[in-house]
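See below for the structure under consideration.
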Amino acid sequence: MGALLASCGPGLTKPRFDVLAQKFTAAAAAKDAKALRAMMATSVLNGGLVFADATCSAFATPSDVKGPQLDELARCLAGLGLVESARKDALPDVAVMTYPPGFEVEARLIENPDRVTLAAIGLSARRADETAPTISAGTLEQLRIAGSPTPAIPGTAAVEHDIEIHDHAFAWFKVCLDAKGTITQVRPRLATSPGAARALGDAIKEWKFKPFVANDKPIPVCAMVQLADPPMTAVENLPIVLPAGTPDMLLVAYTSFGNLVRGKFEIAPSDDEKLELAKAGQERIIGSFFFCLDAAGKVTDVKLLRTTGVPSYDQRIETTMRGWEFGPYVDDGKPISPCSVLTLSYSQR
């Protein structure tokens, strides 16, 4: 349930991103190292993966892979048996995949006229300051020994309010297990409201799991889980992960803030910036910005999470967002200072 603001220019004539991305996922599923190598950028940011092949242990820790190492990375990725996940990512140029015995991966792909190139890959929803690997929600479900994956949700005022406004209340949690399968952490990442996160989080208390085993050894793992009332049938979109150094806080979906009382959401590039994109051959740019409100509803803090690649555009987006003002955001009867993430995507021919 990521926040997406799309501002589009004339229609694109090249294949859609998801069609191009399927070429990468198809090569990965076919374990085609040569094809994967051909689809790599000049350097690939490796966020760290889990390999059964001991010769791939160098890629178990985060690194920036370049030169001849890219050949080895392609070989190691081909050996994983990556397949496309049914889940999507909050960022529209990130593909979600899984591989045995159940790890979940996010891969950032750069669009080219007729193909995509791999720019980054790593275990999903894992911050740089986290160590436990991520498994898919389906894999976590296979470990369940107690509790319902669709538990009854307490009908709190917050849940009922969110259902009235959004037709549902939802919350994303990072659920972590130790090597014995015991839940060690349940951290809310994104929700329609803090009240919904509390109510939905209470429903997880009855969950119990058996250990997750990889390479014949039980290991600690985490999984991203979405709970909703009523249950949602739409494709799940993994929420964006705040970088290390930023508090691992609950983000509130900015659609819950209501209408802007000052400012506007659409922030298109200037004519000069559009020309710059055209000269660079870029047809789509994506940027993400973290922002917080004060108790009065005014934006007080904006941080760039992912650059659009056009510094002047980044600056103008940030300046515009600092002028935004919503009504006060209330939780449990009191105004609070929530934070959220805005992802902006702009396309032009």
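The values are calculated or read from the model by the stated rules, or taken from the named source; none is laboratory data. Just so it is clear, the model here is predicted, and its values are computed rather than measured. Positions of Cβ are generated from backbone atoms using ideal geometry, with glycine treated the same way; all protein chains shown enter the neighbour counts.
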Options ALA234, ALA191, ALA244, ALA197: the member that is under 30 Å from PRO92 (Cα atoms) and free of Cβ contacts under 8 Å to residues at least 24 places away in the same chain: ALA234
Selected residue (only one of ASP229, ASP248, ASP272 is loosely packed, with under 13 Cβ neighbours inside 10 Å and of a type in the set (Asp, Glu)): ASP272
Identity of the residue in region 33-49, surrounded by fewer than 16 Cβ atoms within 10 Å (Cβ to Cβ) and not polar (S, T, N, Q), that ends up nearest to PRO133 (Cα to Cα): LEU45
Some residue of region 318-325 being surrounded by 14 or more Cβ atoms within 10 Å (Cβ to Cβ) and among the small types (Gly, Ala, Ser): no
Candidate set from region 285-305 (those that are in contact (Cβ under 8 Å) with a residue 60 or more places away in the chain and buried (at least 20 other Cβ atoms within 10 Å of the Cβ)); member that is farthest from the chain's Cα centre (by Cα): ILE285
In region 144-174, the residues that are in contact with a helix residue (DSSP H, G or I) (Cβ under 7 Å, 6 or more places away or on another chain) and closer than 30 Å to PRO218 by Cβ: ALA146, GLY147, PRO149, PRO151, ALA171, PHE173
Single unsatisfied condition, GLU266 versus (1) surrounded by 14 or more Cβ atoms within 10 Å (Cβ to Cβ); (2) in the same structural domain as THR319 (by TED's automatic domain parsing); (3) in a loop (DSSP other than H, G, I, E, B): (1)
Answer from SER337, SER312 - the residue that is among the hydroxyl-bearing types (Ser, Thr, Tyr) and within 22 Å of ALA158 (Cβ to Cβ): SER337
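Conditions tested, residue by residue: (1) at pLDDT below 95; (2) among the hydroxyl-bearing types (Ser, Thr, Tyr); (3) under 23 Å from the mean Cα position of the chain (by Cα).
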| position | (1), (2), (3) |
| --- | --- |
| ALA128 | yes, no, yes |
| SER136 | no, yes, yes |
| PRO149 | yes, no, yes |
| THR156 | yes, yes, no |
| GLU164 | yes, no, no |
| ASP167 | yes, no, yes |
| LYS174 | no, no, yes |
Sole residue being buried (at least 20 other Cβ atoms within 10 Å of the Cβ) and without any contact (Cβ under 8 Å) to a residue 24 or more places away in the chain, chosen from VAL116, VAL94, VAL105: VAL94
Out of ILE219, ILE204, sole residue that is modelled with pLDDT under 95 and surrounded by 15 or more Cβ atoms within 10 Å (Cβ to Cβ): ILE204
In region 1-33, the residues that are under 28 Å from TRP172 (Cβ atoms) and at pLDDT 60 or above: ARG16, PHE17, ASP18, VAL19, LEU20, ALA21, GLN22, PHE24, THR25, ALA28, ALA29
Elements of type strands (runs of 3 or more DSSP E) in region 180-237, at least 2 residues being within 17 Å of GLY138 (Cβ to Cβ): 212-214, 221-229
Qualifying position, being touching a strand residue (DSSP E or B) at 6+ places or on another chain (Cβ under 9 Å) and either surrounded by fewer than 17 Cβ atoms within 10 Å (Cβ to Cβ) or farther than 30 Å from GLY195 by Cβ (or both), among TYR346, TYR254, TYR329: TYR346
